[in-house]
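This report concerns only the one structure given below.
The values are calculated or read from the model by the stated rules, or taken from the named source; none is laboratory data. Since we're looking at a predicted model, the values are computed, not measured. Cβ placement follows ideal geometry from the backbone for every residue including glycine, while neighbour counts extend to all protein chains displayed. Remember, those area values only see protein heavy atoms, side chains included, never the ligands or the DNA or RNA. Shrake-Rupley method; radii C 1.70, N 1.55, O 1.52, S 1.80 Å.
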Amino acid sequence: GTGGEGSVFRKAGTAVKIYTDPGKMSADGMVDKVQILAGFSHPYIVAPRGLALGARGAPVGFWMDCADGEPLPRTFTNAYRARAGFGDQQARTAAGRMLDAVRYAHSRGAVMVDANSMNWLLAVAGGDPEPRALDADAWKIGRWPAKVIMPSVRDSFLGCKALPLWF
């Protein structure tokens, strides 16, 4: 898939994000940020695991474990809920697990500034929903501010005097 900052490629159980701007890794200090995020270990967070190097050995992105699931908005539809057997109890479980992921990120000093619905996947295997937080490289942590944020989230966030509960 391709997004605002790069493209993600999948091979077996590994995904690689390659930034569109080859200079991003050095200009934004992303090598250090990826190394910090690689220390995150939570079952519901898809964090970088290491650097992806280009043909000349320069960092061009990072690799991570693959995550399977449905984009979160798709799980809101009646058709999906009926097909997957996804009822209210599963929705409560998924929401609680998403909160666990947010709490973990916060405990490590990260703020999921763009935790919009497209940055979550939901896998429902055997009726047990497991969320996956995506786009960890965009999170605010340490000296790295939030630079990429979905316009609808930016409008809501910047218009608030107090931070919403999920921040």
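Here are the numbers:
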{"item": "The stretch 56-93, residues that are open to solvent by less than 70 Å² (accessible area, probe 1.4 Å), more than 13 Å from ASP128 (Cα to Cα), under 19 Å from the mean Cα position of the chain (by Cα) and of a type outside the set (A, V, I, L, M)", "result": "GLY61, PHE62, CYS66, GLU70, PRO71, PRO73, THR75"}
{"item": "Failed condition for SER156, given (1) among the small types (Gly, Ala, Ser); (2) closer than 30 Å to ARG81 by Cβ; (3) at pLDDT 75 or above", "result": "(3)"}
{"item": "Pick from the stretch 96-129, criterion open to solvent by 40 Å² or more (accessible area, probe 1.4 Å), modelled with pLDDT under 95 and assigned to a helix (DSSP H, G or I), ranking: nearest to CYS66 (Cα to Cα)", "result": "MET118"}
{"item": "Subset of the stretch 53-79 [among the aromatic types (Phe, Trp, Tyr) and touching a strand residue (DSSP E or B) at 6+ places or on another chain (Cβ under 7 Å)]", "result": "PHE62, TRP63"}
{"item": "Test: ARG132 is touching a Ser or Thr at 6+ places or on another chain (Cβ under 8 Å) and open to solvent by 30 Å² or more (accessible area, probe 1.4 Å)", "result": "no"}
{"item": "Residue ID - farthest from the chain's Cα centre (by Cα), chosen from residues in the stretch 44-55 that are closer than 21 Å to GLY13 by Cβ and of a type in the set (Gly, Ala, Ser)", "result": "ALA52"}
{"item": "Some residue of the stretch 29-40 being of a type in the set (Phe, Trp, Tyr) and crowded, with 18+ Cβ neighbours inside 10 Å", "result": "yes"}
